[in-house]
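Structure, as structure tokens:
What follows is calculated from the coordinates using simple rules that are stated; it is not laboratory data. In this text, all values refer to a predicted model and were calculated from it rather than measured experimentally. Heads up, the Cβs are rebuilt from the backbone with ideal geometry, glycines too, and the neighbour counts pull from every protein chain shown.
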Amino acid sequence: MIDSSTMQKPKISVDSLNFFYGKSQALFKISMAMEAQQVTAFIGPSGCGKSTFLRTLNRMNDTIDRTYIEGTVMIDDQNIYAPDVDVVHLRKRVGMVFQKSNPFPKSIFENVAFGPRIHGIRNKSDLYSIVEKSLEQAGLWNEVKDRLNNNALGLSGGQQQRLCIARALAVGPEVLLMDEPASALDPRSTARIEDLIGDLKKNFTIIIVTHNMQQAARVSDYTAFFFEGELIEFGETKQIFTMPKQKKTEDYITGRFG
Amino acid sequence: MKPGRRIFGTGFVFITQASAFLIIGLVIFIFLTIIHGGWNTLSLEFIFSSPKNGMTEGGIFPAIAGTFMLVFIMTILGVPVGTITAVFLCEYVKKSSPVAKIIRFAVNTLAGIPSIVFGLFGLGFFIQFVGRNMDKVLSPPGELIWGQPSLIWAGLTMALLTLPTVIIVVEEAITSVPREWREASLALGATKWETIIRVVLPNSITGILTGTILAVSRGAGEVAPILFTGVAYFLPYIPTRVTDQFMQLGYHIYVMATQSTNVEKTLGIQYATTLVLLLLTFILNFIAIIIRYQLRKKRIA
């Protein structure tokens, strides 16, 4: 357990989380804490539950039929699975970027403005300044400022993914969940996304799922290794990659399985 | 290879080609016959004037107007209901749930009912039951305003008839909206309702239009459902209220061909009316295709 007297209060703390798809259990007794303004990476082989776990943090699994959860997820001081929690408000605080870039078939401007509009911002100049700020934060502004009204589907894959990041930032989240955000991109676009993660962590708490261990080592401060629905090891990235405590972690990061 | 097999192969190719050409030939034959028979009668005056002399002369404007009104009422009643039903089926019930199965069964059954049965249902339910009871409440004593065949009841009956088509086509369109877009919307804090209104329906618009076109093309040509529910043999005027009766092109053709005082004399009118009905259907389809094409281009551009 993390000693609260010596450390800053974690942004997210998860306690004994079990998760089920119908009758099959996908996550077993996960307990861990994620620090504010840090990057936490989830690694592990396919099907280990890392994406499922990520999706419990903004309750995206609620949208899948017959899923069931036990345990608590605290963000700041709120249990996000408490009955009185407003999921809409939660997802405003916890943004998400998906593996496959998924811009809407609308203009670049409308993509970024989608979230703010839903949350009640109508004023055109307010919307414009949010769009500009979000695109700047996502490192896309200079590339698209002259063609905000063009269809977002005309952007390159890397640009589309940064647009999705800008879209997520536009609702003003505190936490950003990223589900293998660069796995479908070429190395140059991947490098841009990784640089961006480094910039964004000044303002946001970032949690990233990746199957690329070099990426986890490059971008994250903390790393959690999952295997078959269990959290095997969690610690500072440097420690996980240089002196893992668990045999399984070592086997995985040295490429003995995966 | 045995020679017999080659002969069968060649023979089969011949049969497939022959049946393809037969269909093309039939279409051309039908068109040429109609155009040949109706071209001399067809004129602007024919389109914009009323029948005269016991419908042996004059134009068909009341029938054209009636057809448009009927299709309009049918569309504004049927397409929204069909779309909402499709949304319910796709977004609010699980595919395998009993509710979904019952609705699908009902939709498929509805699609298989002969159109004359819809007409009888319209007469029995809408006119005799709903209309008569509305008269008891709304109309002066002894007067029949709602409880008789009229545009509104014919439109409703047609809407019912085309409902399954609309539901099935719109459902397909909604299902084809990628899950990733819904997830993106939900993850931004949109509710399910907002996601449907802002993401799912705008991206199903081509499907909704296709459903509308199919309904309209069918509605413009069907006669059986309106026989008992509102169509008139002859009206010298254009309906102005939803409780008025109306003339309709398909029924007008039937009347001219079988009930006319002088079938020989009206042959030209019959052909020309048929030509107008066909052109109307084509124009409607053509407009819809252009709208769809424009929408698609806008999405990709």
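Quick rundown of the values:
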| quantity | calculated |
| --- | --- |
| Label zone at B:Ala100 (point 7 Å along Cα-to-Cβ), backbone N below 20 Å, segment B:171-191 | B:171-184, B:186 |
| A:Tyr128 versus B:Ile24: modelled label distance in nm, points set 7 Å from Cα along the beta carbon direction | 5.8 |
| Amide hydrogen neighbours beyond the local backbone of B:Gly58, cut-off 5 Å, H modeled | B:Lys52 |
| Note, ³J(HN,Hα) from phi for segment A:70-86, Karplus 6.51, -1.76, 1.60, rounded to Hz, x at Gly and Pro | 10, x, 10, 10, 9, 10, 6, 10, 10, 7, 6, 9, 5, x, 8, 6, 8 |
| Evaluated at q = 0.17 Å⁻¹: base-10 log I(q)/I(0), Debye formula over Cα of segment B:39-300 | -1.25 |
| Semi-axis lengths (Å, descending) of the ellipsoid that matches the C-alpha gyration tensor of the protein assembly as shown | 63, 28, 24 |
| Cα gyration tensor shape of segment A:137-190, rounded if a/c is under 1.5, else prolate or oblate by comparing a/b with b/c | oblate |
| Estimated 222 nm signal from helices in the protein assembly as shown, with DSSP H stretches of n ≥ 4 weighted -39500 (n - 2.57), rounded to 500 | -16500 deg cm²/dmol |
| Estimated FRET transfer efficiency when R0 is 45 angstrom, pair A:Lys23-B:Arg296 (beta carbons, to 0.05) | 0.55 |
| Segment B:1-48: C-alpha gyration tensor shape, a/c 1.5 cut-off, then a/b vs b/c | prolate |
| P(r) histogram, all alpha-carbon pairs of segment B:230-290 included - 10 Å bins from 0, percent | 21, 39, 32, 8, 0 |
| Shielding of A:89-101 by partner chains, average beta-carbon count, 10 Å | 3 |
| Axial C-alpha extent at least 30 Å, average Kyte-Doolittle at least -0.5 - helices from chain B (DSSP) | B:3-38, B:61-87, B:151-175, B:267-300 |
| Mean separation of Cα contacts under 8 Å (6+ apart) over length of segment B:39-300, as relative contact order % | 28 |
| Average partner coverage of B:177-185, which counts Cβ from other chains inside 10 Å | 5 |
| In Hz, Karplus ³J(HN,Hα) per residue of segment B:231-242 (6.51, -1.76, 1.60; θ = phi - 60°; x = Gly, Pro) | 6, 10, 4, 8, 9, x, 10, 8, x, 10, 10, 6 |
| Residue with peak Gaussian network fluctuation, chain A [Cα springs, cutoff 10 Å], from A:Asp76, A:Asp146, A:Asp15 | A:Asp146 |
| Distant-in-sequence amide H partners of A:Ser107 (H built 1.01 Å from N, under 5 Å) | A:Ala152 |
| Convex hull per residue volume in Å³, alpha carbons only, for segment A:12-253 | 123 |
| Between 0 and 90°, nearest 10: helix A:124-137 axis offset from chain A longest Cα axis | 50 |
| Ellipsoid equivalent to segment A:47-89 - semi-axes via the Cα gyration tensor, in Å | 18, 12, 10 |
| B:Phe48 paired with A:Ala191, simple spin-label distance in nm, labels 7 Å along Cα-to-beta-carbon | 7.1 |
| Relative contact order (percent, whole number), segment A:12-253, Cα cutoff 8 Å, 6+ residue spacing | 29 |
| Acute angle (nearest 10 degrees) that the helix A:157-169 long axis makes with the longest principal axis of chain A, alpha-carbon atoms | 90 |
| Placed amide H near A:Ala41: partners under 5 Å, 5+ positions off or other chain | A:Ile208, A:Asp221, A:Tyr222, A:Thr223, A:Ala224 |
| Most fluctuating residue given options A:Ala33, A:Ala82, A:Ala216, as computed from a GNM of chain A linking Cα atoms under 10 Å | A:Ala82 |
| Residue of A:Leu185, A:Leu169, A:Leu135 that the Gaussian network model of chain A assigns the largest fluctuation, springs spanning Cα pairs under 10 Å | A:Leu185 |
| Computed FRET value (nearest 0.05) for A:Thr72 with A:Lys245, which takes r as the C-beta separation and R₀ as 22 Å | 0.30 |
